[in-house]
Amino acid sequence: DAKTTQPNSMESNEEEPVHLPCNHSTISGTDYIHWYRQLPSQGPEYVIHGLTSNVNNRMASLAIAEDRKSSTLILHRATLRDAAVYYCIRLSGAGSYQLTFGKGTKLSVIP
Amino acid sequence: NAGVTQTPKFQVLKTGQSMTLQCAQDMNHNSMYWYRQDPGMGLRLIYYSASEGTTDKGEVPNGYNVSRLNKREFSLRLESAAPSQTSVYFCAVNHNQPQHFGDGTRLSIL
């Protein structure tokens, strides 16, 4: 039970912004939202995480809804290298760091 | 991924053979993890080790054993391989931070 819901696939044109949605309607107050991505034939890599407020880093931005039942990963300018499977993961803030992966969203980037 | 090294990268086994997958890290992290990924699926946790000397079962531990040899190394053993264990195996490490993953071992069991 991954406890998050994501679309199976999305497409984006190169150099355009991409908004990847995630639903986590049963999230608890101490659960963090983490995003990882997996490029073809590689292990997953960390993208970003947040608890309540929006977060930015060099890879992406994370927008978390006010009620925390959903979030959106934002890639500001998609490149061909961003084509990957993106996983949205709830993580308990109680000290455990066991990740539960769903099937994720496969992002295709069109040149 | 320079921080987490998995060996071998590929392996083909016959049903019933045994094998040990190796994972080594140079990141000095306390926790290490073994996952498997079947085609079209997300990763599932097999075993993890929160620190040197401890190991715990994850979601799918049956058919596997692990050894945390020291802080750097965490091995996964298949005592009697079965076709259902054909998968890509990933090792990951962390210490109160996001996990860093290796590039995986692609294992086929005939």
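Things worth noting here:
- Meets criteria (farther than 29 Å from A:GLY50 by Cα, in contact (Cβ under 8 Å) with a residue 40 or more places away in the chain, more than 14 Å from chain A (Cβ to nearest Cβ) and in a strand (DSSP E or B)) for B:SER67: no
- Of the residues screened, A:SER41 is one that is free of Cβ contacts under 8 Å to residues at least 60 places away in the same chain, among the small types (Gly, Ala, Ser) and at positive phi.
- Among (1) more than 9 Å from chain A (Cβ to nearest Cβ); (2) assigned to a loop (DSSP other than H, G, I, E, B); (3) surrounded by fewer than 19 Cβ atoms within 10 Å (Cβ to Cβ), the one test that B:SER75 misses: (2)
- Being in contact with a His (Cβ under 6 Å, 6 or more places away or on another chain) and either open to solvent by less than 60 Å² (accessible area, probe 1.4 Å) or not aromatic (Phe, Trp, Tyr) (or both) holds for only one residue in A:HIS24, A:HIS19, A:HIS49, and it is A:HIS49.
- Test: A:ILE74 is modelled with pLDDT of 95 or more, among the aliphatic types (A, V, I, L, M), farther than 28 Å from B:ALA50 by Cβ and surrounded by 15 or more Cβ atoms within 10 Å (Cβ to Cβ): yes
- Any hit, region B:87-105, residues being free of Cβ contacts under 8 Å to residues at least 40 places away in the same chain and of a type in the set (Val, Ile, Thr): no
- Meets criteria (outside any loop (DSSP other than H, G, I, E, B), more than 18 Å from B:LYS71 (Cβ to Cβ) and away from chain A (no Cβ under 11 Å)) for B:THR20: yes
- Residue identified as at pLDDT below 95 and open to solvent by 50 Å² or more (accessible area, probe 1.4 Å) among B:HIS100, B:HIS29: B:HIS100
- Looking only at region A:27-46, and only at residues there that are within 14 Å of another protein chain (Cβ to nearest Cβ) and open to solvent by 70 Å² or more (accessible area, probe 1.4 Å), the one that is farthest from B:PHE101 (Cα to Cα): A:TYR32
The values are calculated or read from the model by the stated rules, or taken from the named source; none is laboratory data. Just so we're clear, the structure is a prediction, and the values are computed from it rather than from any experiment. Note that each Cβ is placed from the backbone with ideal geometry, even for glycine, and that neighbours are counted across all protein chains shown. These area figures cover heavy atoms from the full protein model, side chains too; ligands, DNA and RNA do not enter into them. Shrake-Rupley method; radii C 1.70, N 1.55, O 1.52, S 1.80 Å.
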